[in-house]
Amino acid sequence: MKKETRVRFAPSPTGKVHIGNIRAAIYNWLYARHTGGKFLLRVEDTDLERSTPEAIQVLFECMKWLGLDWDEEVFYQTKNVSRHLECVEKLLESGHAYKVEKTSRDGKTGVVTMFRMPKEGTIEFDDIVKGHMAKKAEDIQDFAIVRSDGSPIFHIANVVDDIDQRVTHIIRGDDHVENTFKHICIFRALGAEVPRYAHLSMIVNQQGKPYSKRDGAAFVGEYRDEGYLPEALFNYLLLLGWNPGDDREILSREEMVELFDLAKVHVAAAKFDLKKLQWMNGEYIKKIPAAQFRDYLANAVGAGAAHTVPLRADIADERGRTAWWDYLAGQIQVRTKFLKDAPDAVRCFVSDDFPVDEKAVEKRLRKPGAKDALLEIAGRFEVVPAGDWKAEKLEAIVKELSQGAGMGPWVHPVRVAVSGRGEGIGLFEMLELLGREKTLSRLSRAAAAL
RNA sequence: GGCCCCUUCGUCUAUCGGCUAGGACAUCUGGUUCUCAUCCAGGCAAGAGGAGUUCGACUCUCCUAGGGGCUGCCA
């Protein structure tokens, strides 16, 4: 029987979750799901000074948001310290480690435990993405594994935990390649099987530099706050360094799991392109089921599950209200780039107290002829009975008014008068949704203000 | 400095010795249109440089240049 694949995502909770980091999590998760193995989460919190509970909470939230569910219990590195030290004892006994008095960079002097690197030979491994890697043992210095205060250092903790968690594949950032040569030596010294490695290239910023904390938009939570859909971020990050081998770019989670292949992961660093993420986000917004999008909007503006239509007393029955919301939501969905911006487009339909864009007023209303246009249109609309108040009918009226000269001069002032904005859903659809009464009252209110 | 890795349109990428170098995003042009979007049609745009191997090189080898990683009692 083939050994079960076990991978782990092992962040250190010293800050917010970085996009490069979360991409490593995505790749690990996909590899586990693809192989039917296990995806483990290990919190490497041995840096007591910088690790915080808040960072761990943020980590969990971000993973949950992206749909990265892990198997088994969360493994906290600090809880395995006795095992780390036990293994250090073994290394000391076998001569793979030794103690020495050292002075650190910041001037502290104390006794640390060092791992003894082999002095000759070559250390090699076959990286699933980078290919064959080799390094002369003499090029690697002995390195510390226990601090002078007795606490284990990353290298030993990381390896011992991987042994204890029975990790079979280590998929992590490129910045760990050099460590890998060291870690392989520890695995061997401990008599453990060396796992397979896959090192992922970095994601760099618009300037082509590795993301740093100064970059902004480097943290997963910021994308959520900006209104990006988790599916879009997930898909985008996946494509930064991997592709299914054909022209498909928008992939369902199932397709991703089925097609993901570590061997096809790109070796070179990839630059993060916000424009493409935005496009992808729009694609995913279009894919939201209509009813779900409609409910999101209704909830966002307080209409809730009852789908109330505050401005339309004439729409009384439940079916009519839902149909009204379906119509509105359908119009808005295709124009939505960021989910969080969509509710603003709804305000003028549910309240008379809607925001007004002064620039639009200046451009479309405070113009010679605008007032007359509003009054003229209002006059023509007034004779339309409530039963005929449909987009097609209203459009026909304005078409006739404009006599083939273009509806712009009529349409623009009306739009701003009834919605307070210069852009939005089709005007006649807008008027139909608003209803006869509200349209007429807003037109006269706007005309009176001019 | 030393060791290691990387290099195809502006960006993400396809190509695994036969290429008129394909797609997507961005951008530009045109169409649809009442605005903003959507949608449709089309355009611009790439193998870092140099040697070598080969009938043939983006693809293999070497050198150079540029970029990156590591070189901690951080992870």
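Bear in mind these aren't lab numbers, they're just calculated from the coordinates by the rules spelled out. Worth saying up front: this structure is predicted, and the values here are computed from it rather than measured. When we count neighbours, we look across all protein chains shown, and the Cβ atoms used for this are built from the backbone with ideal geometry, even at glycine.
Sparsely packed loop sites in the range A:248-281 (the GluC sites (Glu not before Pro) outside DSSP H, G, I, E and B with at most 16 other Cβ atoms within 10 Å) comprise A:GLU249. The phi-based Karplus calculation (6.51 cos²θ - 1.76 cosθ + 1.60; θ = phi - 60°) puts the 3J(HN,Hα) values of the range A:16-25 at 6, 6, 7, 5, x, 4, 6, 5, 4, 5 Hz, whole numbers, x for Gly and Pro. Once divided by 2.2 N^0.38 Å, the Cα radius of gyration of the range A:1-87 becomes 1.13. The modelled label-to-label distance for the pair A:ALA316/A:ASP273, using points 7 Å beyond Cα in the direction of Cβ, is 5.6 nm. Taking θ as phi - 60° and the Karplus parameters 6.51, -1.76 and 1.60, the scalar couplings of the range A:255-269 work out to 5, 4, 4, 5, 8, 4, 8, 4, 5, 9, 6, 5, 8, 7, 5 Hz in sequence order, x denoting glycine and proline. Taking N as the residue count of the range A:189-328, its C-alpha radius of gyration divided by 2.2 N^0.38 Å amounts to 1.51.
Beta-bridge orientation, chain A: approximately 55 percent antiparallel, per DSSP, counting only bridges with both partners inside. Sorted fewest first by neighbouring Cβ atoms within 10 angstrom, A:THR78, A:THR46 come out as A:THR78, A:THR46. Multiplying the residue separation of A:THR52 and A:THR122 by 0.36 nm and removing their Cα-Cα distance gives an extension gain of 21.3 nm. Modelled label positions at A:ARG248 and A:LYS359, each set 7 Å beyond Cα in the direction of Cβ, lie 4.1 nm from each other.
Taking Cα centre as origin and charging only the Cβ of basic (Lys, Arg, +1) and acidic (Asp, Glu, -1) residues, the dipole magnitude of chain A rounds to 700 debye. For the range A:258-390, the share of alpha carbon pairs falling in successive 5 Å distance bins from zero is 2, 8, 12, 13, 14, 14, 12, 8, 5, 3, 3, 2, 2, 1 percent.
Using the Cα gyration tensor of the range A:45-188, with a ≥ b ≥ c the square roots of its eigenvalues, what is the shape: rounded (a/c below 1.5), prolate (a/b larger than b/c) or oblate (neither)? Taking the square roots of the gyration eigenvalues as a ≥ b ≥ c, the range A:45-188 is oblate. With Cα atoms as the point set, chain A shows a radius of gyration and Dmax of 30.9, 99 Å. Extension gain for A:ARG380 to A:ASP344 (0.36 nm times residue separation, less C-alpha to C-alpha distance): 10.0 nm. When chain A is treated as a Gaussian network with alpha carbon springs shorter than 10 Å, the biggest mean-square fluctuation among A:GLY36, A:GLY20, A:GLY369 belongs to A:GLY369. How far is the Cα center of the range A:305-335 from the Cα center of the range A:22-75, in Å? First find each Cα centre; the distance between them is then 41 Å.
Counting other Cβ atoms within 10 Å as a rough exposure proxy, the listed residues A:LEU450, A:LEU251, A:LEU240 run A:LEU450, A:LEU251, A:LEU240 from fewest neighbours to most.
Each peptide among A:189-195, A:409-415, A:434-440 gets the average number of other Cβ atoms lying within 10 Å of its residues, and from highest to lowest they stand as A:409-415, A:434-440, A:189-195. Taking a Cβ cut-off of under 14 Å around A:THR109, the surrounding Lys, Arg, Asp and Glu residues balance to a net charge of +2, with basic ones at +1 and acidic ones at -1. At 20 °C and 1.002 mPa s, grab the translational diffusion coefficient of the range A:358-449 from Stokes-Einstein with a Kirkwood Rh over Cα pairs, rounded to a whole number in µm² per second. The calculation lands on 166 µm²/s.
Looking at the range A:107-161, the trypsin sites (Lys or Arg not before Pro) that sit in a DSSP loop and have at most 12 other Cβ atoms within 10 Å of their own Cβ are A:LYS108, A:LYS119.
Rounded to the nearest 0.05, what FRET efficiency do A:ASP139 and A:SER94 have when you use their Cβ-Cβ distance and R0 = 25 Å? Once rounded, the FRET efficiency stands at 0.60. Here is the list for the range A:25-56: GluC sites (Glu not before Pro) lying in DSSP coil, each with at most 14 other C-beta atoms within 10 angstrom of its C-beta, are A:GLU49. Under 5 Å from the amide H of A:LYS99 lie the amide H atoms of A:MET114, each residue being 5 or more positions distant or on a separate chain, with H modelled from the backbone and absent for Pro and chain starts. Pairs of Cα atoms nearer than 8 Å and 6+ residues apart set the relative contact order; for chain A it is 12 percent. Computed about its Cα centre, the charge dipole of the range A:358-449 is approximately 360 debye, with only Lys, Arg, Asp and Glu carrying charge at their Cβ. At 7 Å along the Cα-to-beta-carbon direction for both A:ALA263 and A:VAL204, put a label point, then send me their distance in nm to one decimal. Simple spin-label model gives 2.9 nm for this pair. Other residues lying with their Cβ under 12 Å from the Cβ of A:PHE260 contribute a combined charge of -1, Lys and Arg counting +1, Asp and Glu -1.
Restricted to Cα atoms, the range A:289-338 shows a radius of gyration and a Dmax of 10.5, 32 angstrom.
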